[in-house]
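Undergrad: The structure under discussion is supplied below as structure tokens; questions concerning it will follow.
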């Protein structure tokens, strides 16, 4: 699982204006624009990989998906000053998830081109902290309008399950964070939470498993400045 830090950098937009051949000009205008961000944030994981273990093909369900369990790591964001930011995720194995949709990340393909399975990513609600205070996750697809994200319960868990969390979707989906109340993004210097990765393997009848197959999920988490 790779981590990519996204920092605002100066981007130069150049436009040239010159006269046509019919009307010779004695001057030309050049516009140079850019953006400089006064703040910087760094995103880190306690471990940059999770291990869903080794599983015998004969133990996989023939007709149903097989739950191969969860693994966790800790996600931290440190900014050098209170900053408005969001998180986004890029599935680097896009197109290989057995289930389709932004909630499902790919685990790669068999040698026969079959999707091996998928995994989901959740931020743990119980220890999601911003500057030492419990915060809630907010979602957006345009980074302008934000709404509260429903809590995703762990299978078999109830509403008070301490490991319930917020589903982290990839694509044009952004997670920001705010204190309980109206869905307003908070300025934060430090965010920390437990990141849960839950894996599933496609039905055995959908897979060619004559040889050992490696799970090859890979996701990049990015800080996006608002």
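Undergrad: For segment 40-225, just say rounded, prolate or oblate: build the C-alpha gyration tensor, square-root its eigenvalues into a ≥ b ≥ c, call rounded for a/c under 1.5, and beyond that prolate if a/b exceeds b/c, oblate if not.
TA: It comes out prolate by the Cα gyration axes.
Undergrad: Testing the spin-label approximation: label points 7 Å from Cα along Cα→Cβ at residue 218 and residue 205. State their distance in nm.
TA: Using points 7 Å along Cα→Cβ, the separation is 3.4 nm.
Undergrad: Compute the semi-axes of the equivalent ellipsoid of segment 27-102, taking the square root of 5 times each eigenvalue of the Cα gyration tensor, and list them largest first in whole Å.
TA: They are 43, 21, 10 Å, listed from largest to smallest.
Laboratory data are not the source of any read-out in this text; all were calculated from the coordinates shown. Source: prediction; values computed, not measured. Ideal geometry is used to build each Cβ from the backbone, glycine not excepted, and the neighbour counts take in all protein chains shown.
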